[in-house]
Amino acid sequence: MQKCDIKENPQYDALRLSLRILKKEEKPSLIEALHRAQEIFGYLPEEVLCFISNELKVPLSKIYGVVTFYHFFRTEPAAKYLINICLGTACFVKGSEKVLKALSEDLNIKVGETTADKLFTLSTARCFGCCGLAPVMMINKDVYGNLSPDKAKSIIEEYRRKENQTNG
Amino acid sequence: MEKIKIKINGQEVEVEQGKTILQVAKELNLHIPTLCNFEPLLPQGSCRICLVEDRGKFVTSCTTQVAPNMDVKLDTPDVIASRNLILQLLFTERNHYCMYCEASGDCELQKLGYEFGLDHFEFETYERKFTVDNSHNYIVIDPNRCVLCRRCVRACSQLAGHNVLGEMNRGIDTTIIADMNVPLGESSCTSCGLCVQVCPTGAITDKRSYYFGKDIQTEEIYSNCDQCPVGCGVKIYKKKGSNFIVKIYGDFDKENEGILCKLGRYAALFEEKSRLTSAKIKDDFGFKKIDFDGIIKTINEKMEDSVVYVDGSLFNEELSLIKKVFKDRVFSLYENEPPIESNVSIDDIKSAKDYIVIGVDLNREYGVIGSFIKRKIFSKNGRLILFDSNYNSLKNVANYVFGIDELESGLEKLKDLDSPIIIYKNLSEKETEILSKNKNFRFFYLPFETNSIGLLKENIKHKIEKSKNIIFIGKNLQGLKDIAKESFTIVFTPYETDEINKFDLLIPINDGFEREGSFYNVDGKVINKAKVLDSKFETFDLKAILEELIKVKSL
Ligand code: SF4
Ligand code: SF4
Ligand code: SF4
Ligand code: FES
Ligand code: FES
């Protein structure tokens, strides 16, 4: 087993929560854990696999075998910016689904898809553990709270603008 | 086991239920070719070479258990044709040009080629090249020679418990990987070498044995590792007519189940410590060489006013001679009494559920005990609770980790332990007291040195006494520095170190597989270690010197 190089953030809290539920079962399903992790992180970086390995006591090599066997799993981030919209209870009640719909239309992609310019991947998650800010989305490691569909769209617009500036 | 009747090659036979067709055939002396199967690993049926026909259907005999009404045919024309096709595919899938392969001569795939009379490649070979992994100190992995039998993966997990190896990707692109596809030398590999021992081809090989000889050029000698008190059984391949070891394998029929640790597998092959090569005595000008008679004379003169210190590297025969010569002036230089006596054995370790390890890194010392525990943890049949404040390579494997000072509070928190086995080496008085209180606990003591128990049996205890002359016999000189200052000091030891020149008479003794003798292992069982090599130096047989001393004294 290796030492995992983990930088704590709310995503790990969310994963920890999912794994804690899984671990109650006699033989926790690795595939399910990986699905959850990819849902939360957008892809499966090595630190996350390492984290799962330690939590579930499954060897790294076995996890890597499963991840490389199924095409569904990604070990590379899909796009430069991963937008994760929380559909946890608090956020859902406060209208995160509308945010999701708005961004999906704005970017012209469905959940799990990446824009043609490889700039944005749209993904969803269940509770980042900062419900006080609901509805919440994360773009890579940055958290944005108290969203409305318009506010979310303008945040994305801001990312686009910055991107154009650095390129131009 | 219940018996059932099945037919094999038309003949009715009575066989035990629960066995596989392959096992039954072997008992009846009927040959079925195999490749991926390797007892004691669980069968997995990936190579398909062992297939047989049962009532018109092909089944792999290594994975199929016998069942009533079976009518098994081992070599119908269809079976033989299929096996030939499978072997062709195996040969063409990767690089199996034997001529350039280290395993040639000892390779099981090559043997099948001869057995089947393979004289050409039926298909074009698959040209994809995989990178050879040469990053490890002792081991090379060449995926181009791999037949994907996963013996290595199974050995590393099911037997050795290290769970380093796995496979990645799918189909023809599948390769064996370490951890998350990192070079083996940078992985969590413990260098136990079991994967090398079980790999049937040239895909995993031992660097040290490259070009040193095929199995047919070696003689096999069964002996034991004496690097720690586990005393694992080893099978040594010694080059015929020479004085060197080609490779060391674990003995599958001994308690260690074929598993070794890095020390047992590689320490004797990669001698790192420099040896004391001849006997020497100090005079006003420095050291000068001394012969056998000189040694006897000097010791005889100094014997009267001397104490003798030994360590746990000595064998029983040597210890009893030392006692005979020096009587009650023999002490152990180091603490050698268990804080709490063992009341369980290695077998109990293999079957226990809960382990509490206190302050010892089982991957580094007593490696094979670590294997027995790790494989239980990974198969979710056991839990490891670790108390250690230092670096411990089992920390990520353990289910619970506490600092050593949290012993009492930690144990409080763990209420549902199932007669846990406490595994320890040193314990403080306080720890001993905390642990002894619990009636539910079982104890497994790891002796400090290989034959610490032998010292106790000879009633040799730890004690430091001043004396005009000091004689030390053993490997571990650590504790000698402080007590030897003002005395004439005679040292029997195998290694040359910087500090050794402070002493007055230095006598090199045999080491490792140059020695034979018995010692008590962790279970208190007597292990008889066989000699394999002759010393390359002017070393002395300790027993010969002691016997001579007895003779001189009785004159
Ligand atoms: S040497 Fe041992 S630990 Fe390392 S990969 Fe091989 S079997 Fe696993
Ligand atoms: S490396 Fe050797 S043991 Fe492992 S799968 Fe390949 S051929 Fe089999
Ligand atoms: S566990 Fe001990 S006896 Fe066994 S191989 Fe390792 S050092 Fe040798
Ligand atoms: S529900 Fe969205 S952060 Fe908790
Ligand atoms: S030996 Fe039976 S499938 Fe390989």
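Since every read-out is calculated from the coordinates, none of them should be taken as a lab result. Bear in mind that the values here come from a model prediction, so they are computed numbers and not experimental data. In this analysis, Cβ positions are derived from the backbone assuming ideal geometry, glycine residues included, and neighbour counts consider all displayed protein chains.
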Inter-probe distance in nm under a simple model that places probes 7 Å from Cα toward Cβ, at B:Ser389 and B:Ser428:
0.7 nm
Please compute the length gained on full extension between B:Glu272 and B:Asp541, using 0.36 nm multiplied by the number of residues separating them and subtracting their Cα-Cα distance.
94.7 nm
Please check which bits of the stretch A:22-49 a label hung off A:Asp5 would reach, taking the label as a point 7 Å along Cα-to-C-beta and the cut-off as backbone N under 16 Å.
A:45-49
Least to most buried among B:Lys415, B:Lys376, B:Lys463, B:Lys254 (fewest other Cβ within 10 Å first):
B:Lys415, B:Lys463, B:Lys254, B:Lys376
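Where does the charge balance sit around B:Ser389 when Lys and Arg score +1, Asp and Glu -1, over other residues with C-beta under 10 Å from its C-beta? Before the final figure, lay out the partial values.
Working: positive: none; negative: B:Asp388, B:Asp405, B:Glu406.
After counting each charged neighbour, the total is -3.
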A:Ser29 paired with A:Lys141, simple spin-label distance in nm, labels 7 Å along Cα-to-beta-carbon:
3.2 nm
Residue (of B:Phe488, B:Ala530, B:Leu455) at the positive-pole extreme of the stretch B:442-555, dipole from beta-carbon charges:
B:Leu455
With the 8 Å Cα cutoff and a minimum separation of six or more residues, the stretch B:3-75 has a relative contact order in percent of 40 percent
Compare A:Lys24, A:Lys94, A:Lys110 in a GNM of chain A, Cα atoms joined below 10 Å, and give the one with the largest fluctuation.
A:Lys24
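What's the FRET efficiency of B:Val552 with B:Lys282 using the Cβ-Cβ distance as r and R₀ = 22 Å, to the nearest 0.05?
My answer for the efficiency is 0.45.
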Taking the dipole of the stretch B:1-62 about the Cα centre (Lys, Arg +1; Asp, Glu -1; charges at Cβ), the one of B:Leu42, B:Val15, B:Gly56 that reaches farthest to the positive side is B:Gly56
Quick one: dipole size for the stretch B:215-269, taken about the Cα centre, charges +1 on Lys/Arg Cβ and -1 on Asp/Glu Cβ, in debye to the nearest 20.
300 debye
Values of log10 I(q)/I(0), in the order q = 0.11, 0.18, 0.22, 0.25 Å⁻¹, for the stretch B:297-392 under a Debye, Cα-only, solvent-free model
-0.55, -0.92, -1.16, -1.36
Given a Förster radius of 35 Å and the C-beta distance between B:Asn137 and B:Lys502 as r, what FRET efficiency does 1/(1 + (r/R0)^6) yield to the nearest 0.05?
0.60
Mind giving me the FRET efficiency for A:Leu119 and B:Gln158? R0 is 56 Å, r the Cβ-Cβ distance, nearest 0.05 is fine.
0.75
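Sort A:Ile52, B:Ile377 so the one with the fewest other Cβ atoms within 10 Å of its own Cβ comes first. Walk me through the numbers on the way to the answer.
Details: A:Ile52 26, B:Ile377 19.
The most exposed by this proxy come first: B:Ile377, A:Ile52.
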What distance in nm lies between label points placed 7 Å from Cα along the C-beta direction at B:Glu486 and B:Glu127?
8.3 nm
Cα-based Rg and Dmax for the stretch B:43-108, in Å, come out at 14.7, 48
Over what distance in Å are the Cα centres of the stretch A:1-56 and the stretch B:349-422 separated?
23 Å
Mind checking the alpha-carbon convex hull of chain B and giving the volume per residue in Å³?
194 Å³
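At most 11 other Cβ atoms within 10 Å plus a DSSP loop assignment makes a site exposed; report the longest stretch of chain A without any exposed GluC sites (Glu not before Pro).
Segment A:27-168 is the longest.
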Fewest-first ranking of B:Arg442, B:Arg383, A:Arg16, using other Cβ atoms within 10 Å as the exposure measure:
A:Arg16, B:Arg442, B:Arg383
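How high is the relative contact order of chain B, given as a whole-number percent (alpha carbon pairs under 8 Å, six or more residues apart)? Mind showing how you got there, number by number?
Numbers: 1067 pairs, mean separation 69.6, N = 555.
Normalised by residue count, the contact order of chain B is 13 percent.
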If you take the alpha carbon radius of gyration of chain A and divide it by 2.2 N^0.38 Å, what ratio comes out, to two decimals?
1.06
Calculated from DSSP H runs of 4 or more alone, at -39500 (n - 2.57) each and per residue, what is the 222 nm mean residue ellipticity of chain B, nearest 500?
-6000 deg cm²/dmol
Nothing charged except the Cβ atoms of Lys and Arg (+1) and of Asp and Glu (-1): what's the magnitude of the dipole of the protein assembly as shown about its Cα centre? Round to the nearest 20 debye.
980 debye
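Taking Rh as the Kirkwood radius computed over C-alpha pairs, what is the Stokes-Einstein D of the protein assembly as shown at 4 °C in a medium of viscosity 1.567 mPa s, expressed in µm² per second? It would help to have the intermediate numbers written out before the result.
Working: Rh = 30.2 Å.
Result for D is 43 µm²/s.
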Please give me, ordered by residue number, the GluC sites (Glu not before Pro) of the stretch B:458-555 that lie in loop per DSSP and have at most 11 other Cβ atoms within 10 Å.
B:Glu465, B:Glu486
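Hey, got the dipole for chain A? About the Cα centre, +1 on K and R Cβ, -1 on D and E Cβ, debye to the nearest 20?
Working: 24 positive and 21 negative charges, 53 e Å.
Dipole magnitude for chain A comes out near 260 debye.
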Rounding to the nearest 10 and keeping the result within 0 to 90°, find how far the Cα-based axis of helix B:77-93 lies from the longest principal axis of chain B.
60 degrees
Roughly speaking, what is the centre-to-centre gap between the stretch A:116-134 and the stretch B:90-131 when only Cα atoms are used, to the nearest Å?
52 Å
So who's got an amide H within less than 5 Å of the one on B:Ile422, skipping anything under 5 residues away but keeping other chains? H placed 1.01 Å off N, in plane.
B:Ile356, B:Arg442, B:Phe443, B:Phe444
